[in-house]
Amino acid sequence: MNIILLGPPGAGKGTQASRLVAERGMVQLSTGDMLRAAVKARTSVGLEAKAVMDAGGLVSDAIVSALIGERLDDPAALGGAIFDGYPRTQPQAEALDLLLAERGQQLDGVIELCVDEDALVERIVGRFTCAACGEGYHETFKRPRVEGTCDVCGSHEFKRRPDDNEETVRTRMAEYRAKTAPILPYYEARGLVARVDGMADIGDVGEAIDAVLDGS
Ligand code: AP5
Ligand code: MG
């Protein structure tokens, strides 16, 4: 099953995708994570993407679709992928259809996380991740069970994203409204979109997503 998690910055795409990986063995394909890895490794893609990401803009369609294509060639992705943060523009949506068709696959659904943008700033500004394994946390909504210790790997090192400040978040949201939300009708026309209340508790959002995936 190949599904897209669609929603603005802070909607909970990464949180829900990592749960689906843990509970259903699906593969998470996050272009944001791929780009951050490229920035860290100082590859040519990373060097080109860094300034755009730090400013809250969108990296070029060609770069992100190439990253997704490479990851779809990994046999692990054949069992089902969760697209997290991709596609984000109409050309990316069309590229994904082509990439899947070339591999004898198709898109099975799009889950839109419906959220209140004002609450998202609080979510993003309070977000941090484990520096060792990448598990995501929040100062208020998802603290580690033992203070200062990652629930998953036990590391004591945490980090924050450079684009997680209020000004950049507002730009990222404007990009979502202008370029990403308009791709929804492309999928609605094919009957693929299910809407989930992304303002509910993390566990309730997960249950609503499970209900969509299980067709109940
Ligand atoms: P990307 O990494 O995709 O960032 P984003 O879309 O801005 O989304 P976030 O990762 O900020 O939010 P999320 O929805 O994953 O929320 P999370 O689960 O962490 O992209 C970053 C940049 O890379 C872009 O700006 C762009 O420059 C570039 N880029 C990436 N893909 C691209 C593409 N396809 N094309 C072009 N450029 C691209 O949750 C947020 C916080 O809230 C967490 O702390 C979490 O614990 C908490 N939380 C989650 N759910 C809930 C809940 N239900 N209740 C309370 N708290 C919650
Ligand atoms: Mg994310």
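When the helices of the chain are scored as -39500 (n - 2.57) per DSSP H run of n ≥ 4 and the total is divided over every residue, the value at 222 nm lands at -13500 deg cm²/dmol. Within the chain, C114 have no other Cys Cβ under 4.7 Å of their Cβ and so lack a disulfide-compatible partner by this rule.
Restricting attention to the chain, the count of lysine pairs at 8 or more positions apart or across chains with alpha carbons under 19 Å apart stands at 7.
Inter-label distance, Q106 to A76: 2.8 nm, where each label sits 7 Å from its Cα along the C-beta direction.
In this structure F141 has an accessible area near 110 Å², from a 1.4 Å probe over the protein heavy atoms. With all protein chains in place and a 1.4 Å probe, the accessible surface of the chain carries 53 percent carbon and sulfur. At q = 0.16, 0.19, 0.26 Å⁻¹, what base-10 log of I(q)/I(0) does the Debye formula yield for the stretch 1-62 when every alpha carbon is treated as an equal point scatterer in vacuo? Each listed q corresponds, in turn, to -0.62, -0.81, -1.11.
For the stretch 98-174, GluC sites (Glu not before Pro) are listed when DSSP marks them as loop and at most 11 other Cβ atoms sit within 10 Å of their Cβ; the list is E147, E157. Would you work out if the stretch 81-129 is rounded, prolate or oblate? Take a ≥ b ≥ c from the square roots of the eigenvalues of the alpha-carbon gyration tensor; rounded if a/c is under 1.5, else prolate when a/b is larger than b/c, oblate otherwise. It is prolate, given that a/c is not under 1.5 and a/b is the larger ratio.
Considering only I68, I82, I202, the Gaussian network model of the chain with Cα springs below 10 Å gives its largest mean-square fluctuation to I202.
Report the gain in length on full extension from L47 to A178: 0.36 nm times residue separation, minus Cα-Cα distance, nm rounded to one decimal.
Roughly 44.6 nm would be gained on extension.
Is the shape of the stretch 159-216 best called rounded, prolate or oblate, per the rule: a/c under 1.5 gives rounded, else a/b larger than b/c gives prolate, else oblate, with a ≥ b ≥ c the square roots of the Cα gyration tensor eigenvalues? Verdict is oblate for the stretch 159-216.
Placing a label point 7 Å from the Cα of Y186 along the Cα-to-Cβ direction, the residues of the stretch 53-94 with a backbone N closer than 17 Å are 58-69, 83-94. For the chain, the Cα-based Rg and Dmax, in that order, read 16.6, 47 Å.
Residue ranking by accessible heavy-atom surface, 1.4 Å probe, largest first, among E175, E207 comes out as E207, E175. Rolling a 1.4 Å probe over the protein heavy atoms gives the stretch 37-89 an accessible area of 48 Å² per residue.
Could you work out which residue, out of P185, P91, P75, moves most in a Gaussian network model of the chain, that is, has the largest mean-square fluctuation with Cα springs under 10 Å? Sorting by GNM fluctuation, first place goes to P75.
The values are calculated or read from the model by the stated rules, or taken from the named source; none is laboratory data. Owing to the predicted nature of the structure, the values given are computational and were not obtained by experimental measurement. Here the Cβ is made from the backbone with ideal geometry for all residues, glycine too, and neighbour counts use every protein chain on show. Areas reflect the complete protein model, heavy atoms only, side chains present, ligands, DNA and RNA absent. Shrake-Rupley method; radii C 1.70, N 1.55, O 1.52, S 1.80 Å.
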